[in-house]
Amino acid sequence: MSDPVVVGTDGSAAGSAAVEWAADDAARMRAPLRIVFALDRSPYDIPKFSTREWGDALTRNAEKVLTEAETLARERRPEIEVTTQAIEGAPAVVLRDQADGAAEIVVGSRGLGGFAGAVLGSVSVHVAGHARGPVVVVRAGLRTAHGEIVVGIDDSPQCDPALAYAFEQAVLRGATLRALYAWQAPVHAYAPEIVYDMDEIRRAQHQVAAAKLASWRQTYPQVKVVEDVRSAHPVEALNAASEKADLVVVGSHGRGALGSLALGSVSRGILHHARGAVAVVRSPRA
Ligand SMILES: Nc1ncnc2c1ncn2[C@@H]1O[C@H](COP(=O)(O)OP(=O)(O)OP(=O)(O)O)[C@@H](O)[C@H]1O
Ligand SMILES: [Mg+2]
């Protein structure tokens, strides 16, 4: 039996979009689907007030959210095995821990809390920043199928887990894979006398991308790969590409990121600005 696809939902629109996404992925992967609701009692833990009634109401709400999510998944994909689970604890921690042993974890970009202008909630940010393996962050209200997946690459080994996930997804969906490598010429504010042969740099950057992809293309000959090498800021380039893609896949860190940060600047930038779903893939062993 394959590892389960896990999805967290709080019953919000984005949470429901995550459930639908996860059901589709589970069907394609022939994996079971586990729907999780994290039951956080701590905000209701107010001294001097009796919490018993609230406790019952919270439990009923958890059951309601899970039943609705299960119905949604079963109607969408009757062939998959669906289980539900209410787990006590802070949602960010509960969901991060659920990623262990899962094929992937899917969350909505935001939930019921937060403030109106927020693009991402704290739970989705924490899970994307800390969970092992692939984390897919899904936005509500996007339904177009473009048949293309974008993967952001650089010349570091940190993007290998992202490449592995992106190629697998391309196979499962029969999608084209756009491998985007955005590079930037060094800024010579401090050494204006250094001159570059731009054509040579451009050729070298194409070689970086080709070398990175060569072994993957051999392993997955059935995937149509578009090597997209651009002189641009990676976040801008990935955002632009996201408008025509069903999914953008990035690693959690790139070449430049400080190891102490949960997410590199590109992963963070794309999570905040991408049009559609974003998968952040950290190595399962990291
Ligand atoms: N209690 C929960 N149980 C399961 N999944 C949850 C829970 N809370 C949030 N999630 C998941 O995380 C996604 C993002 O919600 P998040 O809580 O981060 O956003 P928010 O509620 O808008 O902001 P915040 O909670 O930070 O104020 C949801 O769509 C859902 O997939
Ligand atoms: Mg929330």
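Couple of notes before you dig in:
- Cα centroid of region 95-128 to Cα centroid of region 214-254, whole Å: 23
- Average projected area [Cα convex hull, the chain], square nanometres: 17.7
- Amide proton proximity set for residue 182, modelled H, under 5 Å, gap of 5+: 153, 230
- Within a Gaussian network of the chain (alpha carbon springs, distance under 10 Å), most fluctuating of 165, 196, 181: 196
- Within the chain, helix-based [θ] at 222 nm, where runs of 4 or more DSSP H residues each add -39,500 (n - 2.57), nearest 500: -13000 deg cm²/dmol
- Förster radius 45 Å - calculated FRET efficiency between residue 115 and residue 3 (Cβ-Cβ, nearest 0.05): 0.80
- Ligands, DNA and RNA are left out, and with a 1.4 angstrom probe the accessible area of the chain is 51 Å² per residue.
- Contact order relative to length of the chain, as percent, for alpha carbon pairs under 8 angstrom and 6 or more apart: 20
- The Cα atoms of region 52-157 cover 56, 33, 31 Å along the three principal axes, with the biggest extent listed first.
- Taking amide hydrogens as placed 1.01 Å from N in the peptide plane, the amide H of residue 261 sits under 5 Å from that of no residue at least 5 positions away in sequence or on another chain.
- R0 of 25 Å, Cβ-Cβ distance residue 197-residue 156: FRET efficiency to nearest 0.05: 0.55
- R0 of 22 Å, Cβ-Cβ distance residue 74-residue 140: FRET efficiency to nearest 0.05: 0.65
- Relative contact order %, region 46-188, counting alpha carbon pairs below 8 Å whose residues are six or more apart: 16
- Summing Cβ point charges (Lys, Arg +1; Asp, Glu -1) relative to the Cα centre of region 148-282 gives a dipole of roughly 380 debye.
- Given +1 at the Cβ of Lys and Arg, -1 at the Cβ of Asp and Glu and no other charges, the dipole of the chain around its Cα centre is 120 debye to the nearest 20.
- Near residue 111, the amide H atoms lying under 5 Å from its own belong to 121; only residues 5 or more places off or on other chains count, and H is placed 1.01 Å from N.
- Ratio Rg/Rh [Cα only; Rh per Kirkwood] for region 100-149: 1.02
- Rolled with a 1.4 Å probe across the full set of protein chains, the surface gives residue 173 an accessible area near 60 Å².
- Here the extension length gained between residue 81 and residue 30 equals 17.4 nm, from 0.36 nm per residue of separation less the Cα-Cα distance.
- Kirkwood Rh in Å, taken over all unlike Cα pairs in region 148-282: 15.3
The values are calculated or read from the model by the stated rules, or taken from the named source; none is laboratory data. Quantities reported herein were computed from a predicted structural model and do not represent experimental measurements. Note that we place each Cβ from the backbone using ideal geometry, even for glycine, and neighbour counts take in every protein chain shown. Ligands, DNA and RNA are excluded from the accessible area calculation, which covers all protein heavy atoms including side chains. Shrake-Rupley method; radii C 1.70, N 1.55, O 1.52, S 1.80 Å.
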